[in-house]
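Scroll down for the structure; my scribbles are underneath it.
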Amino acid sequence: MSVYDPFAEDYDVWAADMTDDVGWYVELARQAEEPIVELAVGTGRVAAAVAQETGKRVIGIDASAAMLAVARERVAGLPVELFEGDMRDFAVEEPVDLVICPGRSLLHLPTWRDRRLVFERVTAALRPGGRFAWNAFVFSSTIAARLDGNRNQRTNGLWEEVRYVPADSRIELTRGRGETTLGTVCLWWATKSEWEGLIEVADLEIEALYGGFNKEPFDDDSLEFVWVARKP
């Protein structure tokens with residue numbers, strides 16, 4: 001059982017404010033040959049939009065069987081193939097043109113080595129000139145000070161408590177409904193230089209780094225990494 005399984009039923013409630021990225025990944029998919037590979041596909045939030053808007057085949061990979069069950073309902077009738085698996089050891093039968101990892105999902109990997117494994121797998125999966133696109137938040141001490149220790153209420157009695165652990169670059173998200181605690185998921189943030197190091201060791205090249213999904217320039221005030229790397 002995956003640590004994410006207890007959150008599958010209500011995941012879309014917690015992800016309701018994540019909408020800006022969908023159009024970005026759809027546009028990248030329009031420029032690529034099929035199939036598109038999505039890592040940590042979750043409940044199919046992005047995969048469904050990519051398939052519906054472009055008509056292209058999407059291969060989605062996720063470690064949570066419960067998340068995939070929700071995704072299968074969402075993508076019914078669309079050209080989306082879903083597989084249960086760990087993105088640290090995924091592989092494809094033939095090289096592809098585009099791999100995406102939306103929703104800050106790479107931050108669920110606890111170590112730099114874990115991310116390196118993913119990047120190396122991505123490089124192996126891409127054809128020459130193929131792209132890897134992902135996004136992640138930029139750590140902000142101001143935001144951390146405001147959110148740390150707080151409980152955020154959502155609809156239907158859902159709630160989420162946030163705890164920052166700077167010594168481990170970790171955020172703990174404890175979620176529940178009413179008096180019931182469903183569990184805790186963690187995110188480990190990364191710096192710009194760490195992402196650049198991952199790109200380099202995986203023999204990829206930086207195509208672009210934006211500070212938002214409308215191609216805003218990345219600067220000292222940016223709160224989001226929006227990366228596109230390319231296989232030479």
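The values are calculated or read from the model by the stated rules, or taken from the named source; none is laboratory data. All figures in this text were calculated on a predicted structure; none of them were measured in a lab. Every residue, glycine as well, gets a Cβ built from its backbone with ideal geometry; the counts of neighbours run over all protein chains shown.
Just one residue in the set R163, R127 is modelled with pLDDT of 95 or more and in the same structural domain as L98 (by TED's automatic domain parsing); that residue is R127.
Conditions tested, residue by residue: (1) modelled with pLDDT of 95 or more; (2) in contact with a helix residue (DSSP H, G or I) (Cβ under 9 Å, 6 or more places away or on another chain).
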position	(1), (2)
M1	no, yes
Y4	no, yes
A8	no, yes
M18	no, yes
A40	yes, yes
V46	yes, yes
E53	yes, yes
G77	yes, no
M87	yes, yes
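The set of residues in segment 57-77 being crowded, with 17+ Cβ neighbours inside 10 Å and not charged (D, E, K, R) consists of V58, I59, G60, I61, A63, S64, A66, M67, L68, V70, A71, V75. Return the residues of segment 12-56 that are over 15 Å from the mean Cα position of the chain (by Cα), of a type in the set (G, A, S), surrounded by 16 or more Cβ atoms within 10 Å (Cβ to Cβ) and assigned to a loop (DSSP other than H, G, I, E, B); say none if nothing qualifies. The answer is A32, and nothing else.
Counting only strands (runs of 3 or more DSSP E) that sit wholly inside segment 67-167, those with at least 1 residues that are within 22 Å of P6 (Cα to Cα) and within 16 Å of the chain's Cα centre (by Cα) are 80-84, 96-101.
Assigned by TED's automatic domain parsing to the domain that holds R116 and under 20 Å from C186 (Cα atoms) - does that describe any residue in segment 50-61? Scanning segment 50-61 turns up at least one residue that is assigned by TED's automatic domain parsing to the domain that holds R116 and under 20 Å from C186 (Cα atoms).
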